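A.B. asks: Have a look at the structure that comes next, please.
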Amino acid sequence: MIFDYRKASSPADLEADICIIGAGAAGLAIAWAFLGTKTRVCVVEGGGITADERNQALLEGSSVGNPPFDPGASRLRAFGGTCNYWGRGCIPLANLEARDWVPESGWPIGFADLEPHYRRASTFCGIDAHEIGEDSFLTPSTRQPLSFDGDALEHKIFATSPMIFGHAYRETFERADNITVLLHANLLELEAAASAQAVRQARIGTLDGRRGVVRAAHFVLACGGIENARLLLSSNSVVPAGLGNQHDLVGRYFMDHPSGKLGTLFTEQPHVVTRPYDRNVPKGRPQVHPEICLSDVAQRNYRILSGRVRPFAFEEPVPEGLQALRDLRTAMRARRRHENWAIKARVCGRKNGEPDYIAKAMPPAEDIRALTLRAGLNAGDIAKAVGRKLTRKPTVRTERVDLIGYFEQEPNPDSRITLGEERDALGLRKVSIDWRLTELDRHTYRTAAKLFGAELANACRGRFQSETWLDDEAAVPQVFGTSHHMGTTRMADAPHKGVVDRDCRVHGVDNLHVAGSSVFPTGSWAFPTFTIIALSLRLAEHLRSRLEQAAPFLG
């Protein structure tokens with residue numbers, strides 16, 4: 001059942017076996033695992049069915065690091081979480097083992113621990129037709145990728161999920177008798193017992209002033225890599241430093257997937273490089289795609305982090321008729337847009353050099369009739385574009401391909417999230433983000449640009465020109481976040497090494513768990529959502545076992 005907590009018809013106080021804070025991919029996956037069981041699950045979500053500016057303002061904060069990081073422009077507060085806007089790429093995580101050139105690397109669990117949960121995650125994501133490998137899907141991609149001469153680069157295959165979880169599972173949760181979802185219910189604090197060894201209840205409230213509590217046997221924080229840390233630090237009425245923070249680790253090791261333009265290929269054959277990696281494939285074909293990645297051999301030999309690159313054709317001036325046709329399509333789609341489009345533009349916007357698809361999708365100034373006329377008067381431009389597409393060439397002539405790199409980040413305890421002095425509308429302290437890069441990160445960008453550039457230039461008989469910031473070791477790296485927030489409640493067997501144990505239980509707090517990429521000790525280059533879901537389903541199995549065995553300690 002789904003309730004709007006702002007309304008009197010929704011109960012103010014609830015009791016459950018499991019209380020999940022957050023209805024993003026992690027929280028919904030855990031709740032999904034308990035559908036149709038006798039376990040009572042309460043999901044507390046601060047947003048509504050869709051995003052709105054008032055709730056989004058609760059995600060704002062400050063940035064004190066370099067590069068700067070805007071905490072309010074990379075997250076979504078709504079049922080389904082930021083995955084309402086996700087790219088839907090799924091791939092198992094690599095680099096779980098310790099690497100001697102990457103400090104603080106190594107997970108306490110391995111692929112064998114995750115494999116059965118990856119398979120269930122495939123069902124949740126609607127991609128169970130594809131066979132899973134250790135760090136790639138095994139289904140052949142629709143388009144044949146390039147062949148590389150050396151051993152520095154390799155391909156990994158990811159699958160595209162058809163799911164937008166908030167849409168796909170909304171009716172399922174509306175009908176579920178044992179699942180209660182509270183919308184517009186914000187966590188104010190996880191109140192601990194006097195001993196701080198267990199959570200007694202979750203204090204919740206709305207922006208309009210309604211207050212209540214959820215009492216449960218187990219609590220799960222599933223609010224993302226930034227908010228999980230913020231809420232632990234804010235739960236400080238019993239332990240001033242915050243829950244799980246006895247070793248000052250909550251909020252540390254904050255990571256993203258830094259991305260930026262590495263350089264440009266100049267070639268008369270841009271389609272040779274771009275077409276194999278075009279993700280727009282015909283319906284009915286396998287929705288799996290190759291990614292150009294740094295090989296394990298290259299990572300070890302050059303002592304660098306993992307990374308991938310995407311080639312984007314840079315269009316020459318678009319012919320007038322073709323531009324009119326594109327504007328006409330945009331105008332038609334604009335009629336069907338939801339009111340939260342401006343929020344999507346903020347959350348999905350990229351500064352890393354990728355084509356700005358959001359900006360291109362904004363409604364044009366001309367009306368539909370004028371655009372139709374302009375397209376008709378320049379129909380020859382459209383015919384030429386169709387001809388180029390039929391010969392597997394870009395619709396607009398280009399001799400330039402931009403290479404955008406996406407990288408793993410070194411775990412760094414000084415890259416962290418703390419609480420600032422400013423408070424939000426609920427009275428909670430806003431986050432302050434100190435996002436930092438290390439010399440290993442910079443070394444990776446410089447080395448990877450050369451490896452990617454040389455191999456791809458050879459493939460298209462072109463010339464690679466790297467970005468100027470890569471040639472100057474003193475220059476500030478021109479990289480940006482990709483909304484993949486990780487590491488702030490990292491997993492480790494020892495309490496002085498991490499915030500949660502291998503079962504995602506907060507060290508020292510018997511009935512408090514954390515779900516999501518905040519538990520990642522390292523992030524690889526891979527899209528994190530598939531692993532978030534697998535870990536969440538693994539946590540659900542652990543919680544089921546705990547509930548069957550005994551009641552948690554509440555002293």
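A.B. asks: With respect to Val272, is the statement that it is modelled with pLDDT under 95, touching a Leu at 6+ places or on another chain (Cβ under 9 Å) and surrounded by fewer than 23 Cβ atoms within 10 Å (Cβ to Cβ) true? So that I can check it myself, show each step before the final result.
C.D. replies: Values: modelled with pLDDT under 95: yes; touching a Leu at 6+ places or on another chain (Cβ under 9 Å): yes; surrounded by fewer than 23 Cβ atoms within 10 Å (Cβ to Cβ): yes.
Judged against the criteria, Val272 is a match.
A.B. asks: Are there helices (runs of 4 or more DSSP H) fully within region 96-203 with at least 2 residues that are aliphatic (A, V, I, L, M), buried (at least 17 other Cβ atoms within 10 Å of the Cβ) and in the same structural domain as Val239 (by TED's automatic domain parsing)? List them.
C.D. replies: On the way: elements: 111-125, 165-168, 170-175.
Because the criterion is at least 2 residues that are aliphatic (A, V, I, L, M), buried (at least 17 other Cβ atoms within 10 Å of the Cβ) and in the same structural domain as Val239 (by TED's automatic domain parsing), the helices (runs of 4 or more DSSP H) in region 96-203 that meet it are 111-125.
A.B. asks: Continuing with this model, one more query. Considering every residue within region 228-244, establish whether at least one is in a strand (DSSP E or B) and either crowded, with 24+ Cβ neighbours inside 10 Å or among the charged types (D, E, K, R) (or both). If you could, list the steps in order and put the result at the bottom.
C.D. replies: Looking only at region 228-244, we keep the residues that are in a strand (DSSP E or B), and these are none.
Looking through region 228-244, none of the residues is in a strand (DSSP E or B) and either crowded, with 24+ Cβ neighbours inside 10 Å or among the charged types (D, E, K, R) (or both).
A.B. asks: Related question: Being among the basic types (Lys, Arg) and assigned to a strand (DSSP E or B) is the filter here, so list the residues in region 204-225 that pass it.
C.D. replies: Step one: of region 204-225, the residues among the basic types (Lys, Arg) are 210-211, 215.
Listed by number, the residues that qualify are Arg211, Arg215.
A.B. asks: How many residues are under 20 Å from the mean Cα position of the chain (by Cα) and assigned to a loop (DSSP other than H, G, I, E, B) if we restrict to region 10-41?
C.D. replies: Result for region 10-41: 3.
A.B. asks: Within region 460-473, how many residues turn out to be assigned to a loop (DSSP other than H, G, I, E, B) and farther than 12 Å from Arg446 by Cβ? Spell out the reasoning first.
C.D. replies: Initial filter on region 460-473 (assigned to a loop (DSSP other than H, G, I, E, B)): 460-462, 467, 472-473.
Add one more test, that the residue is farther than 12 Å from Arg446 by Cβ, and what stays is 460-462.
Counting residues in region 460-473 that are assigned to a loop (DSSP other than H, G, I, E, B) and farther than 12 Å from Arg446 by Cβ gives 3.
A.B. asks: Here is a list of conditions, (1) out of contact with any strand residue (DSSP E or B) (no Cβ under 9 Å at 6 or more places or on another chain); (2) within 27 Å of Lys156 (Cβ to Cβ); (3) surrounded by fewer than 24 Cβ atoms within 10 Å (Cβ to Cβ); (4) not aliphatic (A, V, I, L, M), and Arg88 meets all of them except one; can you say which number that is?
C.D. replies: Among (1) out of contact with any strand residue (DSSP E or B) (no Cβ under 9 Å at 6 or more places or on another chain); (2) within 27 Å of Lys156 (Cβ to Cβ); (3) surrounded by fewer than 24 Cβ atoms within 10 Å (Cβ to Cβ); (4) not aliphatic (A, V, I, L, M), Arg88 violates only (1).
A.B. asks: I'd like the residue in region 287-343 that is among the β-branched types (Val, Ile, Thr) and part of a loop (DSSP other than H, G, I, E, B) and, out of all such residues, is modelled with the lowest pLDDT. Before you say what the answer is, go through the steps one by one.
C.D. replies: Quick first cut of region 287-343, residues among the β-branched types (Val, Ile, Thr) only: 288, 292, 297, 304, 309, 318, 330, 343.
Filter once more, so that each one left must be part of a loop (DSSP other than H, G, I, E, B): 304, 318.
Details: Ile304: 98, Val318: 63.
Across region 287-343, the extreme among qualifying residues is Val318.
A.B. asks: Which residue out of Phe520, Phe527, Phe464 is in contact with a strand residue (DSSP E or B) (Cβ under 7 Å, 6 or more places away or on another chain), closer than 28 Å to Ala313 by Cα, surrounded by 18 or more Cβ atoms within 10 Å (Cβ to Cβ) and assigned by TED's automatic domain parsing to the domain that holds Leu232?
C.D. replies: Values: Phe520 fails: closer than 28 Å to Ala313 by Cα; Phe464 fails: assigned by TED's automatic domain parsing to the domain that holds Leu232.
Every option except Phe527 fails the conditions.
A.B. asks: Still on this model: Answer yes or no as to whether Thr438 is at pLDDT below 95, out of contact with any Ser or Thr (no Cβ under 7 Å at 6 or more places or on another chain), of a type in the set (S, T, N, Q) and surrounded by fewer than 20 Cβ atoms within 10 Å (Cβ to Cβ). Steps first, please.
C.D. replies: Numbers: at pLDDT below 95: no; out of contact with any Ser or Thr (no Cβ under 7 Å at 6 or more places or on another chain): yes; of a type in the set (S, T, N, Q): yes; surrounded by fewer than 20 Cβ atoms within 10 Å (Cβ to Cβ): yes.
In short, no.
A.B. asks: Then there's this: Against the condition in a loop (DSSP other than H, G, I, E, B), buried (at least 24 other Cβ atoms within 10 Å of the Cβ) and touching a residue at least 12 places away in the same chain (Cβ under 8 Å), how does Ala51 come out, does it pass? It would help to see each step written out before you state the result.
C.D. replies: Details: in a loop (DSSP other than H, G, I, E, B): yes; buried (at least 24 other Cβ atoms within 10 Å of the Cβ): yes; touching a residue at least 12 places away in the same chain (Cβ under 8 Å): yes.
Judged against the criteria, Ala51 is a match.
A.B. asks: Give me the residue from region 267-310 that is within 13 Å of Ala152 (Cβ to Cβ) and among the β-branched types (Val, Ile, Thr) and, out of that set, farthest from the chain's Cα centre (by Cα).
C.D. replies: Val297
A.B. asks: Hey, another quick one. How many residues does region 209-228 contain that are touching a His at 6+ places or on another chain (Cβ under 9 Å) and either at pLDDT below 95 or over 20 Å from Phe79 (Cα atoms) (or both)?
C.D. replies: Final tally of qualifying residues: 1.
A.B. asks: Determine which member of the set Ala121, Ala152, Ala73 is touching a residue at least 40 places away in the same chain (Cβ under 8 Å), more than 29 Å from Asn352 (Cα to Cα), in contact with a helix residue (DSSP H, G or I) (Cβ under 7 Å, 6 or more places away or on another chain) and not acidic (Asp, Glu). Break it down into steps so the answer makes sense when it comes.
C.D. replies: Details: Ala152 fails: more than 29 Å from Asn352 (Cα to Cα); Ala73 fails: more than 29 Å from Asn352 (Cα to Cα).
Only one candidate qualifies: Ala121.
A.B. asks: Can you name the residue in region 79-97 that is touching a residue at least 40 places away in the same chain (Cβ under 8 Å) and more than 15 Å from the chain's Cα centre (by Cα) and is also nearest to Gln299 (Cα to Cα) among such residues? Steps first, please.
C.D. replies: Restricting attention to region 79-97, the residues satisfying the condition of being touching a residue at least 40 places away in the same chain (Cβ under 8 Å) are 79-96.
Now drop any that are not more than 15 Å from the chain's Cα centre (by Cα), which leaves 79, 94-96.
Numbers: Phe79: 39, Ala94: 12, Asn95: 10, Leu96: 14 Å.
Among those residues, the one meeting the criterion is Asn95.
A.B. asks: Pull out all pairs, ordered by first then second residue, where Cβ-Cβ is under 9 Å, the residues are six or more apart or on different chains, the first lies in region 529-548 and is farther than 27 Å from Thr160 by Cβ, and the second is in a helix (DSSP H, G or I) and not polar (S, T, N, Q).
C.D. replies: As it stands, the answer is Leu543/Ile30; Leu543/Ala33; Arg544/Ala33, since those pairs meet every condition given.
A.B. asks: What do you reckon, is Val44 surrounded by fewer than 22 Cβ atoms within 10 Å (Cβ to Cβ), in contact (Cβ under 8 Å) with a residue 60 or more places away in the chain and either more than 19 Å from the chain's Cα centre (by Cα) or in the same structural domain as Ile343 (by TED's automatic domain parsing) (or both)? Spell out how you get there, then give the answer.
C.D. replies: On the way: surrounded by fewer than 22 Cβ atoms within 10 Å (Cβ to Cβ): no; in contact (Cβ under 8 Å) with a residue 60 or more places away in the chain: yes; either more than 19 Å from the chain's Cα centre (by Cα) or in the same structural domain as Ile343 (by TED's automatic domain parsing) (or both): yes.
No.
A.B. asks: Still on this structure, I have one more. Scan region 467-482 and report the pairs whose first residue is without any contact (Cβ under 8 Å) to a residue 60 or more places away in the chain and whose second residue is outside any loop (DSSP other than H, G, I, E, B), with Cβ atoms within less than 9 Å and a gap of 6+ or a chain change.
C.D. replies: Close Cβ pairs satisfying both conditions: Trp469/Gly260; Trp469/Tyr445; Asp471/Arg446; Glu473/Arg442; Glu473/Arg446; Ala475/Thr468; Ala475/Trp469.
A.B. asks: For Ser62, state whether it is in a strand (DSSP E or B) and either small (Gly, Ala, Ser) or modelled with pLDDT of 95 or more (or both).
C.D. replies: Values: in a strand (DSSP E or B): yes; either small (Gly, Ala, Ser) or modelled with pLDDT of 95 or more (or both): yes.
So Ser62 passes the test.
A.B. asks: Just one of the numbered conditions (1) modelled with pLDDT under 95; (2) out of contact with any strand residue (DSSP E or B) (no Cβ under 9 Å at 6 or more places or on another chain); (3) surrounded by 21 or more Cβ atoms within 10 Å (Cβ to Cβ) is not true of Ala73; which one?
C.D. replies: (3) is the only condition that Ala73 fails.
A.B. asks: Being modelled with pLDDT of 95 or more and not aromatic (Phe, Trp, Tyr) is true for just one of Gly555, Gly508. Which residue is that?
C.D. replies: Details: Gly555 fails: modelled with pLDDT of 95 or more.
Only one candidate qualifies: Gly508.
The values are calculated or read from the model by the stated rules, or taken from the named source; none is laboratory data. What you see is a predicted model; the values in this text were computed from it and never measured. Neighbour counts are summed over all protein chains in view; Cβ atoms, including those assigned to glycine, are modelled from backbone coordinates with ideal geometry.
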